[in-house]
Amino acid sequence: MSPVLLLSLLLSVIPQAELVPEKPKRSALNQLTRLLLRKYNSGVRPVQNWTKATTVYIDLIIQSVLDVDGQMQKVTTSIWYRQIWNDEFLVWDPEEFDGITEISLSSDAIWVPDVIISEFVDVGKSPVIPYVYVNCSGTVKNYKPIQVVSACHLEIYAFPFDKQNCTLTFRSWLHSVNEVDLVLWRPAEEIANDTRGFMNDGEWELLSVPSHYWTLNLEDRVYAQIQFNVLIRRRPLLYVVSLLIPSIFFMVVDVTSFYLPPNSGTRITFKTSILLGFTVIRVNLMDEIPATAIKTPLIGAFFAVCMALLVLSLAMSIFVVKLLHYSEKEVKEMSMSACLLDKYGSMDQSFIESAFTSMKTLDDMEQSGGFEFDLSPEPDLFSLTEVSNNDSPLEKILQEVVSLRLYLQEEDNEGSSQSYWVELCLKVDKLLFCVYLLIMLIYVMTLLLLWGVWSSA
């Protein structure tokens with residue numbers, strides 16, 4: 001018998017059913033998923049009795065404070081959000097499905113409570129988590145990180161020593177308390193003191209997160225709400241080093257600059273340099289001070305008053321130097337050189353030599369007995385006793401000598417008046433310095449008073 005004939009005979013004997021490959025069995029996880037979602041309606045609240053409220057447990061952990069915008073009055077925080085509720089339609093017996101007690105389902109395929117944050121103002125960069133965990137008793141766990149951009153009433157009056165209290169209020173957008181009720185998953189004390197997940201190396205320090213439950217009556221409906229108060233405090237070290245300490249140094253240097261002599265000519269230049277340096281630092285650090293349209297921070301008033309005090313100090317120094325400059329100008333106009341040049345502008349140095357020669361000649365003639373003359377301190381007591389008839393040249397010489405003597409006396413008087421004027425200007429400068437210190441003292445006391453009022457509020 002040929003092989004071909006034998007093969008055909010064997011095929012005719014074997015049943016056709018044994019030649020069809022057996023289909024693989026579905027996994028228990030696949031069967032369970034298909035069973036749970038086969039007749040599931042994600043638009044219906046998952047309760048057998050519609051009068052029974054669905055209790056949603058809420059919990060959160062603050063991870064970090066990303067941004068605080070004082071001008072827009074909003075805060076960006078990163079939180080770890082946990083939402084737990086019971087779905088009566090997602091229940092199974094683990095023994096029928098290979099002992100499976102928990103599975104993950106798509107959040108779009110089941111009912112999810114419409115819990116929102118009331119202070120929500122913008123969409124953050126939150127990662128999309130498309131799955132939730134469901135256990136065999138119907139408990140659904142929705143865990144996900146959220147970046148929340150929320151509105152917050154920011155008080156930056158005491159910047160950089162400010163504390164902020166920002167709220168995160170969770171509530172159902174549509175369902176009343178009879179349909180969806182909210183409950184804290186953990187005790188309030190544990191949530192308030194739980195800071196282990198907070199990134200504590202940034203600008204803000206997390207103090208606590210107190211929470212409480214309350215209801216909102218709106219249009220004859222009562223809504224359940226859970227409010228979390230995020231209490232944070234700014235770390236001021238960076239701003240103290242970069243803003244306050246340089247400003248205080250500038251003010252101390254400006255006060256010590258009053259000890260420079262006002263007639264040295266360097267005080268005004270030094271004070272102008274201080275004012276210019278303070279202005280440059282103030283402009284460079286403008287972005288570090290939070291801006292707000294509601295209330296000016298106390299540190300902004302501090303910088304404005306410091307600049308006003310620097311300008312006042314410069315104006316006081318200009319006033320004193322102006323007084324000194326006025327006195328020197330008057331003395332210069334009455335100086336000996338100006339007087340001689342004005343009176344003997346057509347003469348040269350030979351006049352002085354001829355005057356001394358003439359005086360020597362007069363001494364010789366007086367010793368020989370030709371003349372007798374008397375020079376009195378006052379010009380109206382001047383007298384000349386003439387022994388000889390040749391008196392015209394001698395009278396002119398004597399008149400010049402007496403004029404020179406009178407001028408020297410006036411110069412001494414002007415020198416004493418100049419010293420008195422300088423002393424008076426120094427007293428005025430000292431008085432202005434005391435007034436400046438008094439103003440600065442009042443300013444510091446006012447700042448401390450405002451700070452004390454804010455701290456006790």
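The values are calculated or read from the model by the stated rules, or taken from the named source; none is laboratory data. Computed from a prediction, not measured in an experiment: that's the story for all the values here. We place every Cβ from the backbone using ideal geometry, glycine too, and count neighbours over all the protein chains shown. These accessible areas exclude ligands, DNA and RNA; they are computed on the full protein's heavy atoms, side chains included. Shrake-Rupley method; radii C 1.70, N 1.55, O 1.52, S 1.80 Å.
For the range 124-180, trypsin sites (Lys or Arg not before Pro) are listed when DSSP marks them as loop and at most 14 other Cβ atoms sit within 10 Å of their Cβ; the list is LYS125. Keeping the other protein chains in place, figure out the carbon and sulfur percent of the accessible area of the range 28-234, with a 1.4 Å probe. Here it works out to 51 percent.
Here the label points at ASP220 and MET286, each 7 Å from Cα along the C-beta direction, are separated by 5.7 nm in the simple model. Pairwise Cα distances in the range 60-109 exceed 16 Å for 66 percent of all pairs. Loop-resident chymotrypsin sites (Phe, Trp or Tyr not before Pro) (DSSP state other than H, G, I, E or B) in the range 105-174 with no more than 15 further Cβ atoms inside 10 Å of their Cβ: TRP173.
Dividing the Cα radius of gyration of the range 28-234 by 2.2 N^0.38 Å, with N the residue count, gives 1.15.
Determine the distance separating the Cα centre of the range 88-142 from the Cα centre of the range 162-202; give it in Å without decimals. If we compute the Cα centre of each part, the gap is 20 Å.
Once the 1.4 Å probe is applied to the protein heavy atoms, the range 28-234 comes out at 52 Å² accessible per residue. When the GluC sites (Glu not before Pro) in the range 20-121 are filtered for DSSP coil states and for at most 14 other beta-carbon atoms within 10 Å of their beta-carbon, the remaining sites are GLU22, GLU88.
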